[in-house]
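Here the structure comes first, spelled out in structure tokens, and everything after it is commentary.
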Amino acid sequence: MSAPDLSVNVGGIAMANPVTVASGTFGYGAEYARLLDIRKLGAVTVKGIRLQAWPGNLLPRHVEVPGGMVNAIGLQGPGVEGFVNQYMPGLRAAGVPVIVNIWGTSIEEYGEVASRLGQVEGVSGLELNVSCPNVKEGGAAFGTDATMLAALVAAVRRRTRLPLIVKLAPNVPDIKVFARAASDAGADALSLINTLPAMVIDIETRRPVLANKVGGLSGPAIHPVAVKLVWEAAQAVRVPIVAMGGIMEARQAIEFLIAGATAVAVGTANFIDPTTPLRVIDGIRDYLIRHELPSVTALTGSLRL
């Protein structure tokens, strides 16, 4: 059998293999470039960018827990101009597809960020972080109101021709409703899941461990939840899905593909072993060879019920 084809297409983003990294766990690529060859990734998904530089939350901002970690970094970032000037030259030189995670506190801000990045050479696509508060609507997260989500996606769609991936929040009553809302409004792909809302308390001081009080749980503990939500979303829409949540080795990535994902993103594991994404790529290839499958796309949605 010849070598299996690992290439995938995520909403117009051509990837040599189905493995990227989860936003916020890989910096802007430069931080990991001396630890692994980022050119071997299917794509690099960078940390969230808003219009202006943003300092994030006060320390402490993360804490390890059994089965993962809880973080409240607060989307610290250099803003569009800082990202483009400081990080894009290196990412362009690497020649790997670049997916920029974007966020804002209003529909207008999301649209402006998308518009500006659409003019930057080397940006392959945008990932909308919709777990952010809409300050104009009382602080409700865009991703937990299907009507608000659709309005946001439609507005951003009008401001850019770049492939648009919408990163769905897991803390909703029915993920299928939100998957359809994003897809119908113009999303080229979906990514899920974002972190689960969580809290850790220091029992000696009886105070929250995180300065922000609450944060997001990621890591192996959330993997079965993510598999279920990816499977449900894949039944509801026809657009590609990038799945994430607790991938520590190839096995979890393969689960996601079987559940209906086209590609996967490695997140928390990057903090433990930065070479994890490359090991996941190799593990997927070995699985395809062992099962005599010609391509990774043959795995997508192959769940036997």
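The values are calculated or read from the model by the stated rules, or taken from the named source; none is laboratory data. Since this is a predicted model, take the numbers as computed values, not measurements. Every residue, glycine as well, gets a Cβ built from its backbone with ideal geometry; the counts of neighbours run over all protein chains shown.
Name the residue, out of 265, 234, 269, 250, that is in contact with a Phe, Trp or Tyr (Cβ under 8 Å, 6 or more places away or on another chain) and buried (at least 16 other Cβ atoms within 10 Å of the Cβ). Break it down stepwise before answering.
Working: 265 fails: in contact with a Phe, Trp or Tyr (Cβ under 8 Å, 6 or more places away or on another chain); 234 fails: in contact with a Phe, Trp or Tyr (Cβ under 8 Å, 6 or more places away or on another chain); 269 fails: in contact with a Phe, Trp or Tyr (Cβ under 8 Å, 6 or more places away or on another chain).
Exactly one residue qualifies, and that residue is 250.
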Between residues in the range 205-221 that are free of Cβ contacts under 8 Å to residues at least 12 places away in the same chain and surrounded by 13 or more Cβ atoms within 10 Å (Cβ to Cβ) and residues that are of a type outside the set (A, V, I, L, M) and outside any loop (DSSP other than H, G, I, E, B), which pairs lie under 9 Å by C-beta distance while being six or more apart or on different chains?
208/202
Only one of (1) in contact with a helix residue (DSSP H, G or I) (Cβ under 9 Å, 6 or more places away or on another chain); (2) modelled with pLDDT of 95 or more; (3) among the β-branched types (Val, Ile, Thr); (4) closer than 24 Å to residue 158 by Cα fails for residue 105. Which number is that?
(2)
Scan 116, 50, 61, 92 and give me the residue that is among the basic types (Lys, Arg) and in contact with a Phe, Trp or Tyr (Cβ under 7 Å, 6 or more places away or on another chain).
50
Single residue of 112, 81, 121, 64 found to be outside any helix (DSSP H, G or I), among the acidic types (Asp, Glu) and either surrounded by 14 or more Cβ atoms within 10 Å (Cβ to Cβ) or out of contact with any helix residue (DSSP H, G or I) (no Cβ under 8 Å at 6 or more places or on another chain) (or both)
64
Which residues, taken from the range 175-203, are surrounded by fewer than 16 Cβ atoms within 10 Å (Cβ to Cβ), touching a residue at least 24 places away in the same chain (Cβ under 8 Å) and among the acidic types (Asp, Glu)?
184
Being part of a strand (DSSP E or B), among the β-branched types (Val, Ile, Thr) and either without any contact (Cβ under 8 Å) to a residue 24 or more places away in the chain or more than 13 Å from residue 244 (Cβ to Cβ) (or both) is the filter here; which residues of the range 160-174 pass it?
166
